[in-house]
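K.L.:
The following block contains the structure, expressed as structure tokens.
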Amino acid sequence: ASGWARLESPGPWNCLDAKAYTGTPAERAKLRSEWMGEYGDRRQELVFIGRGMKHEEIQEALDGCLLSDDEMAMGVDGWKAVF
């Protein structure tokens, strides 16, 4: 078997659409239907499909990419100064 990857985008986040804030109640409800918490629909999703994948190794590699609580607390200005 060979490896391959595919990248798809459903389009811009709905939270960037002005109608999510100023539209009719029906427009706002539709655009906000998948919002979660303070970030609305801003998120990325990774899907892995396959046999024999090493879940723990994949999880460890992805977790290693996350910011620590201290790094997250620095905010954008702090990140610009450090990274």
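K.L.:
Tell me which lysines have Cα within less than 27 Å of Lys30's Cα, excluding those fewer than 8 residues away on the same chain?
P.N.:
Qualifying lysines at Cα under 27 Å: Lys19.
K.L.:
Follow-up. Can you give the helix-only mean residue ellipticity at 222 nm for the chain, where every DSSP H stretch with n ≥ 4 adds -39500 (n - 2.57) and the sum goes over all residues, rounded to the nearest 500 deg cm²/dmol? If you can, show how the numbers build up before the last one.
P.N.:
Numbers: 4 runs with 34 residues, N = 83.
When only DSSP H runs of four or more count, the value is -11500 deg cm²/dmol.
K.L.:
Can you give me the accessible area per residue for the chain, using a 1.4 Å probe, in Å²?
P.N.:
For the chain, the per-residue accessible area is 95 Å².
K.L.:
Tally up the carbon and sulfur contribution to the accessible surface of the chain as a whole percent, 1.4 Å probe, everything protein left in place.
P.N.:
Result for the chain: 56 percent of the exposed heavy-atom area is carbon or sulfur.
K.L.:
Oh, and also: Which whole-number value in Å³ per residue fits the convex hull of the alpha carbons of the chain?
P.N.:
169 Å³
The values are calculated or read from the model by the stated rules, or taken from the named source; none is laboratory data. Everything numeric here is computed off the predicted structure, so don't read it as measured data. The area values use the complete protein model at the heavy-atom level, side chains included, leaving out ligands, DNA and RNA. Shrake-Rupley method; radii C 1.70, N 1.55, O 1.52, S 1.80 Å.
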